[in-house]
1. What are the pairs with Cβ atoms under 8 angstrom where one residue, in the range 89-117, is open to solvent by less than 60 Å² (accessible area, probe 1.4 Å) and the other, located anywhere, is part of a loop (DSSP other than H, G, I, E, B) and not aliphatic (A, V, I, L, M)? Sequence gap at least six, or different chains.
2. How many residues are of a type in the set (A, V, I, L, M) and either without any contact (Cβ under 8 Å) to a residue 40 or more places away in the chain or in contact with a Gly (Cβ under 8 Å, 6 or more places away or on another chain) (or both) when one looks only at the range 35-63?
3. What is the one condition in (1) open to solvent by less than 70 Å² (accessible area, probe 1.4 Å); (2) over 15 Å from the mean Cα position of the chain (by Cα) that THR62 does not satisfy?
4. Looking only at the range 65-88, count every residue that is under 13 Å from ALA13 (Cβ atoms), exposed (fewer than 11 other Cβ atoms within 10 Å of the Cβ) and among the polar types (S, T, N, Q) and tell me the total.
Amino acid sequence: MIFPSHRVRIVVATKPVDFRKGHDGLAALVKNELHKDPFTGTVFVFRSKRADRLKLLYWDGTGLVMAYKRLEETTFAWPAIRNGLMSLNHAQFEALFAGLDWRKVKALAVRPPTAAE
């Protein structure tokens, strides 16, 4: 999948959305209901009511990019349904997008070295 760098912020809208919405409808939802700017390069992830589909929306600097994925035999692991947003790190997003349980992905705690050899 073509995806922005690891430094991009990934935000999940925890409430299901109407999947008939396109680029403009999702951008309006980001601005008016989530109170965020859809043109910052942040990746917004949306879920369907059936939990087997997701849509991504992000601004790549030249236009809005929307991606859609449907799982054939299972559902995505989603956070509890409520109003609001939650952030995912890149590894958690990759697990979610692959249909894995992203809640089991933990970042490694790495101490910086005390001296270079």
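1. Pairs that qualify, where the first residue is open to solvent by less than 60 Å² (accessible area, probe 1.4 Å) and the partner is part of a loop (DSSP other than H, G, I, E, B) and not aliphatic (A, V, I, L, M), are HIS90/HIS6; ALA95/ASP101; LEU96/PHE76; GLY99/THR74; GLY99/PHE76; VAL105/ASN89.
2. At the first step, the residues of the range 35-63 found to be of a type in the set (A, V, I, L, M) are 43, 45, 51, 54, 56-57.
When the remaining residues are screened for being either without any contact (Cβ under 8 Å) to a residue 40 or more places away in the chain or in contact with a Gly (Cβ under 8 Å, 6 or more places away or on another chain) (or both), the result is 51, 56-57.
So the answer is 3.
3. (1)
4. Result for the range 65-88: 1.
The values are calculated or read from the model by the stated rules, or taken from the named source; none is laboratory data. Because the structure is a prediction, the values reported are computed rather than measured. As a convention, Cβ positions derive from the backbone with ideal geometry for all residues, glycine included, and neighbour counts pool all protein chains shown. We work out accessible area using only protein heavy atoms, side chains counted, and drop any ligands, DNA or RNA first. Shrake-Rupley method; radii C 1.70, N 1.55, O 1.52, S 1.80 Å.
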